[in-house]
1. Taking only the stretch 151-171 into account, find how many residues are crowded, with 18+ Cβ neighbours inside 10 Å and either over 16 Å from TRP105 (Cβ atoms) or in contact with a Pro (Cβ under 7 Å, 6 or more places away or on another chain) (or both).
2. Within the stretch 151-172, count every residue that is outside any strand (DSSP E or B) and within 11 Å of ligand 1 (Cβ to nearest atom).
3. What number goes with the only condition from (1) among the aromatic types (Phe, Trp, Tyr); (2) within 13 Å of ligand 1 (Cβ to nearest atom); (3) closer than 20 Å to TYR165 by Cβ; (4) free of Cβ contacts under 8 Å to residues at least 60 places away in the same chain that PHE94 does not pass?
4. Could you list, in sequence order, all residues of the stretch 105-150 that are assigned to a loop (DSSP other than H, G, I, E, B), within 14 Å of ligand 1 (Cβ to nearest atom) and either open to solvent by less than 10 Å² (accessible area, probe 1.4 Å) or closer than 20 Å to LEU20 by Cβ (or both)?
5. Show the residue pairs that are 6+ apart or on different chains and have beta-carbon atoms under 9 Å apart, the first residue being within the stretch 146-159 and in contact (Cβ under 8 Å) with a residue 12 or more places away in the chain and farther than 17 Å from GLY66 by Cβ, the second being in a strand (DSSP E or B) and away from ligand 1 (no atom under 15 Å from the Cβ).
6. Do we find that VAL42 is within 29 Å of ARG176 (Cβ to Cβ), hydrophobic (A, V, I, L, M, F, W, C) and surrounded by fewer than 14 Cβ atoms within 10 Å (Cβ to Cβ) in this structure?
Amino acid sequence: MKQLEIIKPTVEFRLIDYHLTGAPIINQTRKLKDLSKIFKDVKAFYKMDSETLTYTVQAWQPIPEGTPGGLFFGTSTIMPGKVGDEYFMTKGHFHAQSQSAEFYWGVRGKGTLILMDRTRKTWAEEIYPVSLHYIGAHIAHRLANTGIENLIVSACWPSDAGHDYEEIAVNGFSARLLEINGNAVLVESNDHQ
Ligand code: PAN
Ligand code: ZN
């Protein structure tokens, strides 16, 4: 019987600290200074230390960005915190290839996935360890940490999806996630427009 090779994978998702290890891994960091204009309370924003780390993203892109038919894997870590009464959150985006879907799943911590379609209808899903989220075609997505520890969320998306940040940078989402009386509340808001 001819024995064939069983090799070790080149990348691991470490379950002790939820870090991706191996090569090549892309590491992104986003500080408050990279997120100006996304939060509602501009006064509170400018009172905070602009070097405050707000979120990090690790991604494994085994093939070049833009390759049709492939997949990327990533993990986002959003720190706990607020700007005024609005929770720390990601920039949020549509995919450049807008029909591209994505899976998110909760790994650690507590948060909310904020979703908006092209008609600007916004809704949200709770995220917690083991929660699974299908982000369909033409849906903008943003993560917010509503807890007191890091929110860790993994994701899998098509290698040709790309990111369109412009639409959200200009028009925002039509709702904001605010802490009201100690609870996370999704409040309609078209203050960008
Ligand atoms: C995620 C996001 C990640 C960071 O990997 O890119 O959570 O959010 P922003 O890209 O909005 O800053 C994803 O949705 N990829 O498609
Ligand atoms: Zn995405």
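1. 5
2. Number satisfying all stated conditions: 7.
3. Result: PHE94 fails condition (4) only.
4. Matches in the stretch 105-150: GLY109, ASN150.
5. Pairs that qualify, where the first residue is in contact (Cβ under 8 Å) with a residue 12 or more places away in the chain and farther than 17 Å from GLY66 by Cβ and the partner is in a strand (DSSP E or B) and away from ligand 1 (no atom under 15 Å from the Cβ), are THR146/GLU126; THR146/GLU179; THR146/ASN183; THR146/ALA184.
6. Yes.
The values are calculated or read from the model by the stated rules, or taken from the named source; none is laboratory data. This is a predicted model, so every value here is computed, not measured. Here the Cβ is made from the backbone with ideal geometry for all residues, glycine too, and neighbour counts use every protein chain on show. Surface accessibility is based on the protein's heavy atoms, side chains included, excluding ligands, DNA and RNA. Shrake-Rupley method; radii C 1.70, N 1.55, O 1.52, S 1.80 Å.
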